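**Q** There's a structure below that I have some questions on.
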Amino acid sequence: LILLHPLPSLFAKENLNRMSEQQLNLYDRLINEPSNDWDIYYWATEAKPTPAEFENDVMAMLREFAKNKKREQRLRQPDLEYLFEPPR
């Protein structure tokens, strides 16, 4: 899956290393099952309601992340080096 909007990738960089196995499975399902990654963006930003099958704690975490309370610049996909960094 190629994610066109950076939000899911930025969320992954920030959260994957502290997620439980169940949450990782939910995240994997979220990024791989919808046919359009913009749907994920719309659900995360609450522009559209999240379908019941994707309404879970990971979606709640993504919605909270999308609020960008730290006002970070999120215009591009993160570099993939974070996938190889040891957990914090």
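**Q** Residue check: is Gln77 polar (S, T, N, Q) and either at pLDDT 90 or above or open to solvent by 100 Å² or more (accessible area, probe 1.4 Å) (or both)?
**A** Working: polar (S, T, N, Q): yes; either at pLDDT 90 or above or open to solvent by 100 Å² or more (accessible area, probe 1.4 Å) (or both): no.
Against the criterion (polar (S, T, N, Q) and either at pLDDT 90 or above or open to solvent by 100 Å² or more (accessible area, probe 1.4 Å) (or both)), Gln77 does not qualify.
**Q** Still on this structure: Six or more apart or on different chains, Cβ atoms under 6 Å: show the pairs whose first residue is in the range 15-38 and assigned to a helix (DSSP H, G or I) and whose second is crowded, with 16+ Cβ neighbours inside 10 Å and modelled with pLDDT of 90 or more.
**A** Close Cβ pairs (under 6 Å, with a partner that is crowded, with 16+ Cβ neighbours inside 10 Å and modelled with pLDDT of 90 or more) amount to Gln23/Val58; Leu26/Asn56; Leu26/Val58; Tyr27/Val58; Leu30/Phe54.
**Q** I've got another one for you. Quick one: would you say Arg63 is charged (D, E, K, R), modelled with pLDDT of 80 or more and farther than 17 Å from Leu10 by Cβ?
**A** Working: charged (D, E, K, R): yes; modelled with pLDDT of 80 or more: yes; farther than 17 Å from Leu10 by Cβ: no.
The answer is no for Arg63.
**Q** Let me ask something else. Which members of the range 1-56 meet the condition of being open to solvent by less than 30 Å² (accessible area, probe 1.4 Å), of a type in the set (Phe, Trp, Tyr) and closer than 22 Å to Lys69 by Cβ?
**A** Phe11, Tyr27, Trp43
**Q** Would you point out which residue out of Arg71, Arg88 is on the phi > 0 side of the Ramachandran plot, at pLDDT below 90 and open to solvent by 30 Å² or more (accessible area, probe 1.4 Å)? Even if it seems obvious, please write down each step before you answer.
**A** On the way: Arg88 fails: on the phi > 0 side of the Ramachandran plot.
Of Arg71, Arg88, the one residue that is on the phi > 0 side of the Ramachandran plot, at pLDDT below 90 and open to solvent by 30 Å² or more (accessible area, probe 1.4 Å) is Arg71.
The values are calculated or read from the model by the stated rules, or taken from the named source; none is laboratory data. The structure presented is a predicted model; accordingly, all values stated were derived computationally and were not measured. Cβ sites come from the backbone with ideal geometry, for glycine too, and all protein chains shown count toward neighbours. Note: areas computed on protein heavy atoms with side chains; ligands, DNA, RNA excluded. Shrake-Rupley method; radii C 1.70, N 1.55, O 1.52, S 1.80 Å.
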